[in-house]
Amino acid sequence: MNSTVQQIINTYKKDRFRLMDMLIDFQEELGFISKETVKDLADQLDISTVDVEQTLSFYHFFTTEPTGKYTVYLNDSVVAKMMGQEEVAKAFEEELGCNFGQVCEDNLIGLFATSDIGMNDQEPAALINNVPFTKLTPFRVRELVADMRAGKTVYEMYTEGYGGGNNKSVLVRSMVANHIRRIGPVLLNDCSPGDAIKKIVQITPEAVIEEVKASKIRGRGGAGFPTGLKWEFCRAAVEKERYIFCNADEGEPGTFKDRVLLTECPEMIFEGMVIGGYAIGAKKGILYLRYEYKYLGKFLNDVLFRMRGNNLLGENIAGLEGFNFDIRIQFGAGAYVCGEESALIESTEGKRGEPRDRPPFPVERGYLDKPTVINNVETLATVVKIINKGSEWYSALGTNDSTGSKLLSISGDCRFPGVYEVEWGFSIDDMLGMVGATEVQAVQVGGPSGALIGPDEFSRTISYADLATGGAMIIFGEQRDLLKDVVLNFMDFFIEESCGSCSTCRNFPVILRRTLKRIIDGKGIRKDIDDMEEWGQIPRVSRCGLGQTCTNPILTSIKNFRHLYEDLVDKDEDYVSEFDLSTAVQESCDFVGRIPNI
Amino acid sequence: MSKLVVATTSLAGCFGCHMSLLDIDERILDLIELVEFNKSPINDIKTFTKQCDIGLIEGGCCNSENIHVLKDFRKNCKILVSLGECAIMGGLPALRNGIPIEECLAEAYLDGPTVKGNIHKILPNDKELPMLLDKVYPCHEVVKIDYYLPGCPPRADLIWDVLVALVTGDEMKLPYEVVKFD
Ligand SMILES: Cc1cc2nc3c(=O)[nH]c(=O)nc-3n(C[C@H](O)[C@H](O)[C@H](O)COP(=O)(O)O)c2cc1C
Ligand code: SF4
Ligand code: SF4
């Protein structure tokens, strides 16, 4: 057996629950994962090759063929396209003389497309050997290709200098910009790392939960479940081995605020995990980090290392006898659905990221079937402020049903894309003013799974009672073709990312996309619009949030921009067929050697 | 009231839907009081002899002949009903839709384990034969279909209810139990 393979398997002590880590290491060390590697792995872990293959085939960043000494993943999300991704893609193809999906020049460079990589405020962007290159232009592409041909390392390929804040840390060295445009209670740098931990060890776990409950904070990952309550449920579980996860999968196109928190406030996030761990009685925490943020890995591990040195992690934390807690980082491998909490658990257990049936909820049976709390990055960071400054201070911010502040990831057609922290209750109108957006046609609130709203609704406010959101705001100017450039792209995204378990989520987006395309091509009829509205309801019965929201791009755009559809359809026809007999028989006639007689 | 005229056909189906129609048993006698059959395998009338009210279609479209028959039905029937899974979604025959047509033909006529004696490697290419389509199409992608009756096959009672509803013009009940299969 290849010695690298053996070494990697040994590193993870032949633990099948660490299959993801092993596959990630193989991919990185060997450039791809061959049949032999799969076989060796299966033998050594004493599982079947199919067990390995099903995990392997699920994730976008695992490949069974070499992907080149330099592997380029160019983002093809909506905003990337708005900012010139197509010219950049063309420049890559022309310069290299090959197409996306191919590896060229003697296995030197592989070109691939990928879904949103969390850089919406600095598109077009690509990952080259896991390092982000942002604000690409055709000119930069030619330089990059020349650098790759010259054999430079990815770090030598930067000409822009490093981005601000910790992006320039020697452990990160990335050109990513933070673009923090507005700070608030969470981002304000007014507490020292460890303060909150020192505070909680003076009080009981129950008192910590009470404090969090009193702040009325709700989860920032999208679903908005009250955090204190979630912790209480978990603490109430009979089983004593418990886990806390920080969900840093951040896969919803248009959100990138967790990336900025991870870069600038990692101590706070980990401190939040320690607090949560103390509250629920967990000894282990796991940060599930999307693979696209791999470039932050060393830096984050170093933060953990330093926290251990400062007695903020490890044994007898902050001097409290018996308070033991540690954190490890689990990388994903490119799958949006792994942000769903039960899929995230499956993935961490080394399996396909397929959501589980719920109930039982993770607080009863989660990671390794033990009670588990999963919280968003921002939720955990915010908890630290709540402990430091008190629930009373916190609950006075924001609105009655939505206390505190929210980090917004704002991108699209505006002068100042970036991260803005605002108190809940902020209106869309104010937001547009704040970011310098004029002549706005529409705003996508909450990413593709959220809603596309028009000017009639810009007076609405960001809050759980009105426009609930995980914080992604994409602005579309008058010049954009909403159906073709936005809705269609979002449908492509969901079709690509569905895990495929539920027939409703596997099939309906495909059917609706076809209808939508027909309408865009000018071949639609009025009934198509009605059908889409009616059929779009069906995936609501799917197992997880992905399927339940996957028709929202179509449903909300029909609701708020019906005229765009009506302008395109033939209002008199009641039926159209795209079927063409001569095209349909061509292939078989060619094969059997006969001239079609229609 | 003059009798409604009904035509039926089996395209890329297994005739199971027609068998189910026959499962209405002795009610077939009531049925012929209500309706008159025109082109149908049940009475073996091969071509339309008059304009029909209702066309029941079993099976989807896998070849050019299916397409011609279906279009003929559309022309000659006021109302078309897709009867059963195959007509509605392609059904079992549509399992080939993910496989290239070349592979399907090669498996059937050249390389399959049951292929014996085709030493000259002949593929069916006589111009009298229907031409295979690139995939199996559900009927509504080829012509307008007015109603869909789910099931594989739809139960006899259901087909009976449909015909009665179409004759009387009453709305038909489709409880969850009858649509849950698809
Ligand atoms: C398809 C899908 C993707 C999700 N992605 C994320 C994500 O990237 N980050 C996140 O925090 N929550 C995500 N969620 C929500 C999580 O399931 C979960 O509700 C959340 O992490 C809980 O944390 P919170 O209570 O702190 O918000 C996703 C949900 C679904 C259905
Ligand atoms: S809804 Fe979609 S993503 Fe979620 S479990 Fe079902 S198929 Fe998978
Ligand atoms: S629906 Fe079922 S019974 Fe009817 S033709 Fe198809 S396979 Fe046969």
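Quick check for you: with a 1.4 Å probe and neighbouring chains kept, what is the accessible area per residue of chain A, in Å²? Mind showing how you got there, number by number?
Details: 23470 Å² over 598 residues.
Ligands and nucleic acids excluded, the figure is 39 Å² per residue.
How much length is gained on full extension from A:E105 to A:S582, taking 0.36 nm per residue of separation minus their Cα-Cα distance?
Numbers: separation 477, 0.36 × 477 = 171.72 nm, distance 4.03 nm.
Net length gain for the segment: 167.7 nm.
Search the structure for amide H atoms under 5 Å from the amide H of B:E36, placed 1.01 Å from N in the peptide plane, and list their residues when 5 or more places away or on another chain.
Residues meeting the amide H criterion: B:L4, B:V5, B:V6.
Once phi is turned into ³J(HN,Hα) by the Karplus curve 6.51 cos²θ - 1.76 cosθ + 1.60 with θ = phi - 60°, what whole-Hz value does each residue of segment A:533-544 show in order, with x for glycine and proline?
Once rounded to whole Hz, the list reads 5, 6, 5, x, 6, 4, x, 4, 7, 5, 6, 10.
Of the DSSP beta bridges with both residues in chain A, give the percent that are antiparallel, rounding to the nearest 5.
Values: 26 of 57 bridges.
Approximately 45 percent, going by the DSSP bridge assignments.
Probe radius 1.4 Å, ligands and nucleic acids left out: which of A:E573, A:E86 has the largest accessible area, and how do the rest follow? List each step's numbers first, then the result.
Values: A:E573 90, A:E86 110 Å².
Putting A:E573, A:E86 in descending order of accessible area: A:E86, A:E573.
Cross-link candidates for B:K3: which aspartates and glutamates have Cα within less than 13 Å, leaving aside residues fewer than 8 places away along the same chain?
B:D30, B:E33, B:E36, B:D53
Which one of A:F139, A:L296, A:T438 is farthest out on the positive end of the charge dipole of chain A, using unit charges on Cβ (Lys, Arg +1; Asp, Glu -1) and the Cα centre as origin?
A:L296
So what is the calculated 222 nm ellipticity per residue for chain B, using -39500 (n - 2.57) for each DSSP H run with n of 4 or more, over all residues, to the nearest 500 deg cm²/dmol?
Details: 7 runs with 57 residues, N = 182.
The helix contribution divided over chain B gives -8500 deg cm²/dmol.
Collect residues whose amide H, placed 1.01 Å from N in the peptide plane, falls under 5 Å from the amide H of B:G55; neighbours closer than 5 in sequence don't count.
The answer is B:A7, B:I79, B:L80, B:V81.
What are the ³J(HN,Hα) values, in whole Hz, obtained from phi via the Karplus relation 6.51 cos²θ - 1.76 cosθ + 1.60 with θ = phi - 60°, for each residue of segment A:308-322 in sequence order, with x given for Gly and Pro?
Working through the residues one at a time gives 4, x, 8, 6, 9, 9, x, 9, 6, 4, 6, x, 8, 3, x Hz.
Taking 0.36 nm per intervening residue step and subtracting the Cα-Cα distance, what contour gain separates A:A465 from A:T4 on full extension?
Values: separation 461, 0.36 × 461 = 165.96 nm, distance 5.40 nm.
My answer for the length gained is 160.6 nm.
Can you compute the equivalent ellipsoid semi-axes for segment A:1-70, i.e. the square root of 5 times each eigenvalue of the Cα gyration tensor, sorted largest first and rounded to whole Å?
Values: eigenvalues 60, 36, 23 Å².
Semi-axis lengths for segment A:1-70 are 17, 13, 11 Å.
Are there residues in segment A:563-579 whose accessible area shrinks by at least 50 Å² when all protein chains are included rather than the chain by itself, and which are they (probe 1.4 Å, ligands and nucleic acids not counted)?
The answer is A:Y575, A:F579.
Residues with amide H under 5 Å of A:A472's amide H, sequence separation 5 or more or different chain, H placed in the peptide plane at 1.01 Å from N; which?
Under 5 Å from the amide H of A:A472: A:S409, A:G446, A:G447.
What is the sum of charges around A:L171, taking Lys and Arg as +1, Asp and Glu as -1, for the other residues whose C-beta is under 12 Å from the C-beta of A:L171?
Values: positive: A:K168, A:R173, A:K298, A:R306; negative: A:D302.
Counting the neighbours of A:L171, the net charge comes to +3.
Just to be sure I understand: if you take the accessible area of chain A alone plus chain B alone and subtract the pair, with a 1.4 Å probe, what total do you get in Å², rounded to 100? Numbers along the way, then the final one.
Numbers: alone 24470 and 10700 Å², together 33230 Å².
The buried area between A and B, both sides summed, comes to about 1900 Å².
In the P(r) worked out for segment B:18-157, what percent of Cα pairs fall beyond 18 Å?
Percentage above 18 Å: 64.
So for the pair A:L30, A:K559, with labels modelled 7 Å out along Cα→Cβ, what separation do we get in nm?
4.9
Ignoring everything except DSSP H segments at least 4 long, calculate the 222 nm mean residue ellipticity for chain A; use -39,500 (n - 2.57) per segment, divide by total residues, nearest 500. Please list the in-between numbers first.
Values: 24 runs with 236 residues, N = 598.
-11500 deg cm²/dmol, from helical runs alone.
Could you size up the charge dipole of the protein assembly as shown around its Cα centre, putting +1 on the beta carbon of Lys and Arg and -1 on that of Asp and Glu, and report it in debye to the nearest 20? Don't jump to the answer; show the numbers that get you there.
On the way: 83 positive and 116 negative charges, 310 e Å.
Using only the charged Cβ atoms, the result is roughly 1480 debye.
Suppose the chain between B:H68 and B:E26 were pulled fully straight at 0.36 nm per residue; how much longer would it get relative to their current alpha carbon spacing?
Values: separation 42, 0.36 × 42 = 15.12 nm, distance 3.33 nm.
Value of the extension gain: 11.8 nm.
For helix B:156-168, what angle does its Cα long axis make with the longest principal axis of chain B, in degrees from 0 to 90 and rounded to 10?
Taking the Cα atoms of chain B, the angle to B:156-168 is about 50 degrees.
At a probe size of 1.4 Å, how large is the accessible area of A:W393, to the nearest 10 Å²?
70
How much net charge surrounds A:L432 when only the other residues with a Cβ under 11 Å from the Cβ of A:L432 are counted, with Lys and Arg +1 and Asp and Glu -1? Numbers along the way, then the final one.
Numbers: positive: A:R415; negative: A:D413, A:D429, A:D430, A:E439.
Summing Lys/Arg as +1 and Asp/Glu as -1 gives -3.
Determine the sum of side-chain charges near A:S192: Lys and Arg each +1, Asp and Glu each -1, restricted to other residues whose C-beta is under 12 angstrom from that of A:S192. Write out the running numbers ahead of the final one.
Numbers: positive: A:K198, A:K199; negative: A:D190, A:D195, A:E267, A:E271.
Here the count lands on -2.
Take the Cβ-Cβ distance between B:Y147 and A:K14 as r, set R0 to 60 Å, and report the resulting FRET efficiency rounded to the nearest 0.05. Provide the component values of the computation, followed by the final result.
Numbers: r = 59 Å, r/R0 = 0.99.
Efficiency for this residue pair is about 0.50.
Longest span of chain B, sites excluded, free of GluC sites (Glu not before Pro) in DSSP loop with at most 11 other C-beta atoms within 10 Å? Could you put the intermediate results ahead of the total?
Working: sites that count: B:E26, B:E128, B:E171.
Counting only loop sites that pass the neighbour cut-off, the longest clear stretch is B:27-127.
Compactness ratio of the protein assembly as shown: Cα Rg over 2.2 N^0.38 Å, N = residue count?
On the way: Rg = 30.3 Å, N = 780, 2.2 N^0.38 = 27.6 Å.
Dividing the Cα radius of gyration by 2.2 N^0.38 Å gives 1.10.
In whole Hz, what ³J(HN,Hα) sequence does segment A:19-25 give by Karplus (6.51, -1.76, 1.60; θ = phi - 60°), x for Gly and Pro?
Using θ = phi - 60°, the values come out as 4, 4, 4, 5, 4, 4, 5 Hz.
Say a paramagnetic label sat at a point 7 Å from the Cα of A:E478, along Cα to Cβ; which residues of segment A:414-446 have their backbone N under 11 Å from it?
What the label zone holds, given the 11 Å backbone N cut-off, is A:438-441.
Quick check: at a probe of 1.4 Å, how many percent of the accessible area of the protein assembly as shown sits on carbon and sulfur atoms? List each step's numbers first, then the result.
Numbers: 16830 of 33230 Å².
Carbon-and-sulfur percentage of accessible area, whole number: 51.
The values are calculated or read from the model by the stated rules, or taken from the named source; none is laboratory data. From a predicted model like this one, the values you see are computed outputs, not experimental measurements. Positions of Cβ are generated from backbone atoms using ideal geometry, with glycine treated the same way; all protein chains shown enter the neighbour counts. All accessible areas refer to the heavy atoms of the entire protein, side chains included, with ligands and DNA or RNA removed. Shrake-Rupley method; radii C 1.70, N 1.55, O 1.52, S 1.80 Å.
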